[in-house]
Structures are given as C-alpha cells and as structure tokens.
C-alpha cells in the first residue's frame, strides 16, 4: 500500500524495486500494478498495448471520488488521449513552448527572479525564510500566468486557489477547492474571448475559430486548465528540491560556484535524484500483455513510478542514490517519455536554471534551518517535495 504521507519516499521505492519490476500495489484505495524500474517504466510509457484512455480501465466504476488519482484519470485534456486524438490536441500547443517563445521569455523570467531576490533581501535579517513559499512557488506561477494570459484582475483569486494546489500557504487542497479553481479558470477563458493578446489563450481561441473541428469547446477549456496547473506546480517542486539538495550537499554547490559544472547540471540531477513527480496514474492494458515476466489482464491499470525509476541502480549504478552534478549521463524519466513527453520540459529547465543560479549567487552564506529529511512531505501521491524549505539567507552578496 503506497502511503502519500510517507516520510521516506525513496526508501519505499527501494523496497518496491526489490520486490520486482512490476509490483501489485494499492494507491488511494485503487489496486494497480506499479512499474518500479527504469527499463520497465520505459516499456510501459511506450508500449502499444497500454493506453491512457480511461474507457479501457475495467475498474473505473469503483474509483474513489475526490482523490488525486480521480482528478488525473478523469481529466478530459490531451493528458488522457492517445493516437490521433492526442496528436490533434497536442499539436496546437507546440508553438507555445517553441524555442522562439522560450527565448522571448528568458528576459522576463530573469526579471521576475531578480524581483523575488530583491524581496528576499528586504526580509528581516536573521529570521528563517520559507523558500518554497517565497521563491520556488511565485516564480513559475507568474511565468505560466503570463504565458497563458491570465488577466491581472483575476490573479489574486487564482493565486489563492493555486496556493493550495502547490501546497503552500494555509489553504488545503480539496475537491471543493478544485471545483472553485476550475470555475474561475472557465470564467477567465470566457472573458478573454474578446480581448486577444500575445498569449496561449488567444492562440487557442484563434485556432478554435479558424478550425472548430481541431479543438472542441470542452477540449479547449480542459487544455488551458491542464497547462495552468501542470505548468507550474511541478516546477515548484523542482526548484524546492534543488535548493534542498544543494544546501545539503555543499560539495556539489561548490562545483557550481567554481564554474566546474553548469547550473543546468544541478537541474538535471535534481530531476533524476529527486523527481518532482513521485507516482503518476494510469496506463491501462488494452489486451492481455506481458511486461518483464508479469502478465497483465485487459483493463488492468499501471502506475508510473518516476521517482523510483530515476534511482534505479540497474540504470545508474550503485551510486544511483547519490546526488552528483558530475554524473556523466543525465538521462532520466522525470518528464516522461514517448508521445506524452512533457511539453513544458524546456520551460521548467529554463526556470530552474535561472532561479537556482540567481538565488545561490545572491546569498552565498545561505543555510538550512532544518535537515531536509526532517521537513514535512507534501502528503500527496503525485508530488515529491517538502511542504516548506526554511533557510537562513545570510547577507546578500555585493
């Protein structure tokens, strides 16, 4: 039984890998197979007899409502589409995350980061600062808001609700809160119909008007909602986890500060060593299929264990559990693989690199208030991070 509140995710995953490549688990009351190892997960993510389309799941009628699994598997966007429908839903978004669009975003990301650094520097000296709340969260939230085109008038309400989704601040995530968030996003999308701009909502509306058969009204709404939520919450975890790793492994931080390794290496090693996503549901067997000696019956679900696969000693050697920015290969599955590879991966990498470089250059004496292992986990099946990242910043570099 997978424990969303486990204080030792990586220890749990080591036991899963030892139990086998495809292991029977219960997650949020749902029986499933867990793909625990790197090669196995690669197979699951690309196997033609496994699909993300919910109607193939034989146990879908018994799915407990309101859980993280329920929210993911019932999403009607490209997340749970395959084949031609997936290509049709995904294609309009490729320009939003093109290299040209990202190159245009870099100065804005740097500006937002510098503003957050200035704000941190103005906080009372000598008092702990929660960098998840004050730095790792607001940066990707602001970036995705601008990329998608969230009007300023709605940003406070939207931020209040997404605080809970990202597990910062005082609000708790819940089905009721998700419903309120969805209604607010729907209202924003409707309002934007008459006010086009240089943003993703406008791009998708233009496409919808030009070729109504490409995206239905429901698909358009579901796509924007998916991109807003998925487009920043995992990056919050990435930046939080990178801060914790580098403040714990000071020798690795020295390699970055000396220029021996680029900050991009720290981003990639964080993605591998402390994947922002722990487990991700589901893929379903369309017919009887055998994976690594385990026979799946038609309709059985498979859970993707990203954090487990990314520490698989069979892929990375006996030091797979060591954070090492000099690692010769940075292949990992943190962004998935195959047709569903994360569209926002280049943006997350860019934000992560800009953020941690600016932060550690600004506060060279920064240190943890408590060891990362003692910090409360997110308490969710999906995300892998801590609820807080309290540090003492120390003086700002001059």
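Do the conditions hold for residue 139, that is, is it surrounded by 14 or more Cβ atoms within 10 Å (Cβ to Cβ), assigned to a helix (DSSP H, G or I) and at pLDDT below 85? It is false that residue 139 is surrounded by 14 or more Cβ atoms within 10 Å (Cβ to Cβ), assigned to a helix (DSSP H, G or I) and at pLDDT below 85. Apart from one condition, residue 258 fits all of (1) farther than 21 Å from residue 11 by Cα; (2) in contact with a helix residue (DSSP H, G or I) (Cβ under 9 Å, 6 or more places away or on another chain); the exception is (2). The sole residue among 304, 355 that is modelled with pLDDT of 95 or more, part of a strand (DSSP E or B) and in contact with a helix residue (DSSP H, G or I) (Cβ under 7 Å, 6 or more places away or on another chain) is 304.
Criterion first (touching a helix residue (DSSP H, G or I) at 6+ places or on another chain (Cβ under 7 Å), without any contact (Cβ under 8 Å) to a residue 60 or more places away in the chain and more than 28 Å from residue 37 (Cα to Cα)) does residue 362 satisfy it? Answer is no for this residue. Pairing each residue of segment 221-239 that is farther than 24 Å from residue 353 by Cα with any residue that is modelled with pLDDT under 85 and not in a helix (DSSP H, G or I), provided the two are 6+ apart or on different chains, yields C-beta distances under 9 Å for 223/215. Looking only at segment 66-97, residues that are at pLDDT 90 or above, over 29 Å from residue 207 (Cβ atoms) and either surrounded by fewer than 14 Cβ atoms within 10 Å (Cβ to Cβ) or in contact with a strand residue (DSSP E or B) (Cβ under 6 Å, 6 or more places away or on another chain) (or both) come to 1 in all.
Would you pick out the residues in segment 320-330 that are over 16 Å from residue 18 (Cβ atoms) and either surrounded by 13 or more Cβ atoms within 10 Å (Cβ to Cβ) or at pLDDT below 95 (or both)?
Here is the first cut: in segment 320-330, the ones over 16 Å from residue 18 (Cβ atoms) are 322-330.
Answer for segment 320-330, where residues must be over 16 Å from residue 18 (Cβ atoms) and either surrounded by 13 or more Cβ atoms within 10 Å (Cβ to Cβ) or at pLDDT below 95 (or both): 322, 323, 324, 325, 327, 328, 329, 330.
Applying the condition of being under 19 Å from the mean Cα position of the chain (by Cα) and buried (at least 21 other Cβ atoms within 10 Å of the Cβ) to segment 143-160 and asking which residue is modelled with the lowest pLDDT yields 148. Does segment 79-90 contain at least one residue that is at positive phi and in a helix (DSSP H, G or I)? Yes: one or more hits. Counting only residues that are touching a helix residue (DSSP H, G or I) at 6+ places or on another chain (Cβ under 6 Å) and within 15 Å of residue 229 (Cα to Cα), which one in segment 333-346 is surrounded by the fewest Cβ atoms within 10 Å (Cβ to Cβ)? Looking at the filtered set, the residue picked out is 343. Beta carbons closer than 6 Å, at least 6 apart along the sequence or on distinct chains, pair a first residue in segment 291-320 that is at positive phi and in contact (Cβ under 8 Å) with a residue 12 or more places away in the chain with a second that is surrounded by 19 or more Cβ atoms within 10 Å (Cβ to Cβ) and assigned to a strand (DSSP E or B) for 292/22. Assessment of segment 19-29 against the conditions (in contact with a helix residue (DSSP H, G or I) (Cβ under 6 Å, 6 or more places away or on another chain) and within 30 Å of residue 179 (Cβ to Cβ)) yields at least one matching residue. With the structure loaded, tell me whether residue 209 is surrounded by fewer than 20 Cβ atoms within 10 Å (Cβ to Cβ), closer than 27 Å to residue 159 by Cβ and without any contact (Cβ under 8 Å) to a residue 60 or more places away in the chain or whether it fails that test. So residue 209 fails the test. Looking across segment 98-136 at every residue that is outside any helix (DSSP H, G or I), in contact with a strand residue (DSSP E or B) (Cβ under 8 Å, 6 or more places away or on another chain) and under 18 Å from residue 397 (Cβ atoms), the one that is modelled with the lowest pLDDT is identified as 126. Among the residues of segment 1-37, those that are part of a helix (DSSP H, G or I) and under 17 Å from residue 274 (Cα atoms) comprise 9, 10, 11, 12, 13, 14, 15, 16, 17. Selection of segment 251-293 for residues being exposed (fewer than 14 other Cβ atoms within 10 Å of the Cβ) and either within 28 Å of residue 53 (Cβ to Cβ) or under 25 Å from the mean Cα position of the chain (by Cα) (or both) yields 287, 288, 290, 293.
Residue 271: at pLDDT 95 or above, within 30 Å of residue 146 (Cβ to Cβ) and touching a helix residue (DSSP H, G or I) at 6+ places or on another chain (Cβ under 9 Å), yes or no? Considered against the rule, which asks whether it is at pLDDT 95 or above, within 30 Å of residue 146 (Cβ to Cβ) and touching a helix residue (DSSP H, G or I) at 6+ places or on another chain (Cβ under 9 Å), residue 271 comes out as yes. For segment 35-69, filtering for residues that are free of Cβ contacts under 8 Å to residues at least 24 places away in the same chain and in contact with a helix residue (DSSP H, G or I) (Cβ under 9 Å, 6 or more places away or on another chain) leaves 1. Taking (1) modelled with pLDDT under 95; (2) touching a helix residue (DSSP H, G or I) at 6+ places or on another chain (Cβ under 8 Å); (3) surrounded by fewer than 16 Cβ atoms within 10 Å (Cβ to Cβ) in turn, residue 382 satisfies each apart from (3).
The values are calculated or read from the model by the stated rules, or taken from the named source; none is laboratory data. Predicted model only: the values in this text are computed from it and were never measured. With ideal geometry, Cβ positions are generated from the backbone for all residues, glycine too; neighbour counts draw on all protein chains shown.
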